[in-house]
Amino acid sequence: SKWGSMTDINSASIGIELDNNGRDAFPDAQIKSLLILLDTLKSKYLIPQLNFIGHADIAPTRKNDPNVNFPWKILAENGFGIWYNEDFLMTPPNDFNPIDALKIMGYDMTKPESAIEAFKRKYIVKEVNTVLTPYDKKVLYDLYRKYY
């Protein structure tokens, strides 16, 4: 697994597995428990907000979890990971390179199609495929700017 310049995420991370069949929504009680656990870990280990990522983020060619029903937005609203500003998405400048943006965010770009799918599964949720639409690029641009 890889994220950004770190090439052995498994030895430097804490993995949390939630019981889910890969298709269903995550129960509220499960997410509430997760938020308590994440808060404890964040406080104890001083984990930066940007460092809360998913399995598919660090291994997009091999993993597709959590599924599209995972509430990344709720986690971000509670300080675990990031989300985009839905009310103020800007059209990226002409020189914006989405592939470079994904790489700068941390995605392994060995197979760009896999990184795009992982990005879309997490942030776009619908139409999870390898094509970045103009809307997808606006979302990506907003998130990319959070890394700078």
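Below is a table of values for the structure above.
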read-out	value
Among the candidates I36, I53, I58, residue that is aliphatic (A, V, I, L, M) and touching a Ser or Thr at 6+ places or on another chain (Cβ under 6 Å)	I58
Qualifying residue in the stretch 26-35 (condition: surrounded by fewer than 12 Cβ atoms within 10 Å (Cβ to Cβ), in a helix (DSSP H, G or I) and aliphatic (A, V, I, L, M))	yes
Single match in L102, L50, L75, L38 (criterion: in contact with a helix residue (DSSP H, G or I) (Cβ under 8 Å, 6 or more places away or on another chain), open to solvent by 30 Å² or more (accessible area, probe 1.4 Å) and in contact (Cβ under 8 Å) with a residue 24 or more places away in the chain)	L50
Top-ranked residue in the stretch 105-135 [being of a type in the set (S, T, N, Q) and open to solvent by less than 60 Å² (accessible area, probe 1.4 Å); ranked as nearest to D24 (Cα to Cα)]	N129
Those residues of the stretch 45-92 which are touching a Phe, Trp or Tyr at 6+ places or on another chain (Cβ under 8 Å), farther than 16 Å from W3 by Cα and not in a loop (DSSP other than H, G, I, E, B), in sequence order	W72, K73, L75, A76, E77
Filtered residue count, the stretch 10-39, keeping only those that are aromatic (F, W, Y) and farther than 13 Å from I74 by Cα	0
Where a residue in the stretch 113-140 is without any contact (Cβ under 8 Å) to a residue 60 or more places away in the chain and on the phi > 0 side of the Ramachandran plot and its partner, wherever it lies, is open to solvent by less than 60 Å² (accessible area, probe 1.4 Å) and polar (S, T, N, Q), with Cβ under 9 Å and at least six apart	E127/T133
Residue under evaluation V68, criteria (1) without any contact (Cβ under 8 Å) to a residue 60 or more places away in the chain; (2) surrounded by 10 or more Cβ atoms within 10 Å (Cβ to Cβ), criterion not met	(1)
Among residues of the stretch 1-25, those that are of a type in the set (S, T, Y) and buried (at least 16 other Cβ atoms within 10 Å of the Cβ), counted	1
Qualifying residue in the stretch 79-87 (condition: under 21 Å from K137 (Cα atoms) and surrounded by fewer than 12 Cβ atoms within 10 Å (Cβ to Cβ))	yes
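The values are calculated or read from the model by the stated rules, or taken from the named source; none is laboratory data. If you're wondering where the values come from, they're calculated on a predicted model, not measured in any experiment. A quick note on method: Cβ atoms are made from the backbone with ideal geometry, for glycine too, and the neighbour counts reach across all protein chains shown. Ligands, DNA and RNA are excluded from the accessible area calculation, which covers all protein heavy atoms including side chains. Shrake-Rupley method; radii C 1.70, N 1.55, O 1.52, S 1.80 Å.
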